[in-house]
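Just below is one structure, and these are the notes that go with it.
What follows draws every value from the coordinates through simple rules; no lab data is involved. Keep in mind the model is a prediction, meaning the values are calculated, not measured. Glycine gets a Cβ as well: all are built from the backbone with ideal geometry, and neighbour counts include every protein chain shown.
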């Protein structure tokens, strides 16, 4: 089974950790709906919900669910995988998963 995965930082095609997406298929550029921002977490940026914020640009992939287990470990305790809607190519809304900064 596959899922759509939105990435916005070091996992993007030119990012230093892109290899972690091994086997995932690039579907195109995408961005979140309004209400999201990036905040620094150590040397990385984390996606957060932020009332009144704009959107965050990134990339959309189709990934095997098995890859998500490895990505959960890679992202670590500071991030949680959540469902959100992104705007993909042709301005279509797409349901996807993304790693957001853990809030609890």
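Given R₀ = 25 Å, what would the calculated FRET efficiency be for residue 95 paired with residue 13, taking r from the Cβ atoms and rounding to 0.05? Efficiency, rounded to the nearest 0.05: 0.70.
Cα centroids of segment 3-27 and segment 62-104: 10 Å apart. Specify which labelled value, from (1) 64; (2) 59; (3) 69, agrees with percent of Cα pairs over 15 Å apart derived from the coordinates of the model shown. So the calculated entry is the one marked (2). Overall form of segment 1-57: oblate. Here a/c, set by the Cα gyration tensor axes a ≥ b ≥ c, is 1.5 or more, and a/b is not larger than b/c.
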